[in-house]
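Read-outs throughout are calculated quantities, based only on the coordinates presented, and are distinct from any laboratory measurement. Computed from a predicted model, the values in this text were never measured in an experiment. Methodologically, a virtual Cβ is constructed for each residue, glycine included, from the backbone with ideal geometry; neighbour enumeration extends over all protein chains shown.
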Amino acid sequence: MSDSFKTAIVIGAGIVGVSTAIWLQRSGCKVTLIDREGVAAGTSYGNAGLLACSAIIPVTTPDLIFKIPEMLFDPNQPLFMRWSYFPRIISWLFKFLSKANLKDMNQITADLHRLMYDSVDQHKQLANGTGAEDYIKSNQYIHGYKDKEAFSKDKLSWEARRKVGLPDDELDGDALAKHDPSLEGKFGFAVRSHSDGHVTDPGEYIKALASHFEDEGGKIFIEEVEDIPVKNGRAIGVKTTRGQLIEASHVIIASGAWSGKLAKKLGLNVPLETERGYHLEFVNPNIELKSPVMVSAGKFGMNSMNGRLRCAGIVELGGLDAPPSRAPFELLKRQVLTLFPELKYDEIREWMGHRPSTPDSLPLIGAFEDIPNVWAGFGHQHLGLTGGPKTGRWLAQLISGEKLNEDLSAYKPNRF
Ligand SMILES: Cc1cc2nc3c(=O)[nH]c(=O)nc-3n(C[C@H](O)[C@H](O)[C@H](O)COP(=O)(O)OP(=O)(O)OC[C@H]3O[C@@H](n4cnc5c(N)ncnc54)[C@H](O)[C@@H]3O)c2cc1C
């Protein structure tokens with residue numbers, strides 16, 4: 001271990017930050033994890049819990065531009081815009097939409113695949129020996145369609161998945177009912193992906209990982225980081241909003257959708273936006289799914305989690321500060337109860353979170369070009385739970401000076 005690899009501060013205790021902290025600790029580094037709210041308090045708490053190796057097709061498919069008007073103005077579509085925010089997001093939107101072509105779609109798919117394909121295994125290796133192992137399940141993932149015609153509209157995406165080698169099989173309604181009797185009559189056609197998995201409770205899982213990190217000597221501070229002071233081209237640590245300077249030889253920004261502000265203070269302008277997402281949890285439901293389901297028409301995932309049925313999805317463009325909107329909750333509830341009119345439950349819990357999204361749908365992983373001891377681990381958009389452990393592992397390897405047999409140029413922090 002080199003001298004400059006002794007101490008590290010990870011800003012953000014979501015799945016990316018906790019994974020990074022654990023892998024750094026395992027490489028012999030003294031690590032402090034700082035989060036202004038606590039472990040798994042951000043987006044990592046409320047996601048659908050899918051280790052969605054097959055969800056690597058970016059939102060920017062070539063037909064996106066034609067779909068947008070209907071998606072924006074039909075209240076039954078899963079895309080919402082807070083119009084007061086529109087002027088602030090317009091330049092990001094242009095960059096995002098410029099990727100909606102076949103060439104970029106295929107490239108992004110390949111780059112996401114490289115990070116996501118072995119997610120279940122990466123989670124198992126991360127959790128090994130931590131006590132969090134039981135939260136991880138390897139599983140199949142059902143993509144349900146109204147009928148075969150609806151599926152054929154997604155043909156391009158399935159071709160791209162099959163091109164990178166993701167295994168699946170197609171099921172008609174009867175075969176689907178055989179796979180999971182609770183899905184009888186729900187979809188006329190489905191694709192069953194075989195490479196995916198899920199987590200039975202993302203919040204508790206990440207807390208269990210963090211608790212192991214503390215047991216092994218790691219420190220967790222509940223503080224907000226305000227700045228990353230730099231001297232002679234290197235960060236000296238972090239400054240908190242309470243004026244405290246905590247020194248370290250490396251600083252890792254893993255602050256999800258809030259990372260852009262810290263990066264900007266270091267002179268790196270990242271076009272990072274948030275795609276706000278929503279979940280409803282039906283507590284004590286009378287339905288338990290055998291494996292998670294993507295309801296393709298509504299673009300939301302359903303996952304049975306220890307006594308709750310969590311339904312999560314929706315994209316709302318509206319920034320980091322506005323409170324949750326009502327319409328996405330109402331749409332989700334309407335869609336779930338239309339599909340499962342027999343669903344009974346004790347109560348519904350609501351949640352809104354912030355996906356950290358870049359225009360090219362790829363995260364930032366690696367060192368800042370001008371400040372080589374500051375590292376980025378953010379921007380995982382819809383797939384942070386899936387790709388978080390490998391991101392943390394890659395970062396720990398890079399920071400400890402290990403040679404990586406991976407080409408990470410697609411994720412370079414300075415690429416914009
Ligand atoms: C509805 C929905 C469903 C989803 N479903 C899935 C899914 O099934 N599978 C999947 O792989 N992904 C899913 N995602 C995406 C996934 O949840 C995110 O990509 C992932 O959680 C991002 O993790 P993170 O660690 O980067 O950020 P976060 O979990 O948001 O953590 C960032 C942390 O940084 C802290 N922080 C921010 N600024 C500061 C600061 N200045 N100082 C100190 N702390 C700070 C915050 O408090 C927060 O705890 C979903 C997202 C949504 C919204």
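Here are a few things to note about the model shown:
- When you restrict to C-alpha pairs under 8 Å that are six or more residues apart and normalise by the size of segment 28-151, the relative contact order lands at 31 percent.
- Amide H to amide H distances under 5 Å link Phe189 with Tyr145, Asp147, where only residues 5 or more positions off or on other chains count and H is placed in the peptide plane.
- Within a straight-line Cα-Cα reach of under 15 Å, Lys155 can be paired with the following aspartates and glutamates, leaving aside sequence neighbours fewer than 8 residues apart in one chain: Asp63, Asp147, Asp168, Asp169, Glu170.
- In order through segment 99-107: 3J(HN,Hα) via Karplus (6.51 cos²θ - 1.76 cosθ + 1.60), integer Hz, x for Gly, Pro: 8, 7, 9, 4, 4, 5, 4, 5, 5
- Derived scalar couplings between HN and Hα for segment 116-130 equal 9, 4, 10, 4, 4, 5, 4, 5, 5, 5, 5, 7, 3, x, 9 Hz in order, rounded to whole Hz, by the Karplus curve 6.51 cos²θ - 1.76 cosθ + 1.60 (θ = phi - 60°), x for Gly and Pro.
- Amide proton proximity set for Met81, modelled H, under 5 Å, gap of 5+: Leu317
- Mean projected area (nm²) of the alpha-carbon convex hull when segment 133-289 is viewed from all directions: 14.5
- Near Ser19: Cβ cut-off under 10 Å, other residues only, Lys/Arg at +1 and Asp/Glu at -1. The net charge is +2.
- Under a 5 Å amide H cut-off, with hydrogens placed 1.01 Å from N, Thr7 pairs with Lys30, Ser249, His250 among residues at least 5 apart or on other chains.
- The chain: relative contact order as a whole-number percent, Cα under 8 Å and 6+ apart: 26
- Net charge of Cβ neighbours under 13 Å - reference Ala190; Lys, Arg +1; Asp, Glu -1: -3
- Cβ-defined net charge surrounding Ala235, 15 Å radius [Lys, Arg +1; Asp, Glu -1]: +1
- Hz values of 3J(HN,Hα) by residue in segment 45-61 - Karplus curve (6.51, -1.76, 1.60), Gly and Pro given as x: 6, x, 5, 6, x, 8, 8, 9, 4, 8, 9, 9, 7, x, 4, 7, 7
- Sequence-distant contacts, meaning Cα pairs under 8 Å at least 6 residues apart, place the relative contact order of segment 205-354 at 20 percent.
- Debye log10 I(q)/I(0) for the chain, one point scatterer per Cα, at q = 0.08, 0.12 Å⁻¹: -0.41, -0.95
- Spin-label pair Leu156-Asp370: with each label point 7 Å from Cα along the Cα-Cβ axis, the two points sit 3.8 nm from one another.
- For the chain, the 222 nm mean residue ellipticity estimated from helices alone, with every DSSP H stretch of n ≥ 4 adding -39500 (n - 2.57) and the total spread over all residues, rounds to -9500 deg cm²/dmol.
- Between Lys239 and Ile90, the FRET efficiency estimated from the beta carbon spacing at R0 = 25 angstrom works out to 0.15.
- Dipole in debye (nearest 20) - the chain, about Cα centre, beta carbon charges: Lys, Arg +1; Asp, Glu -1: 860
- Measuring against 28 Å, Cα to Cα, the residue pairs Lys6/Lys95; Lys99/Lys299; Lys99/Lys261 contain Lys6/Lys95 as the ones spanning a longer distance.
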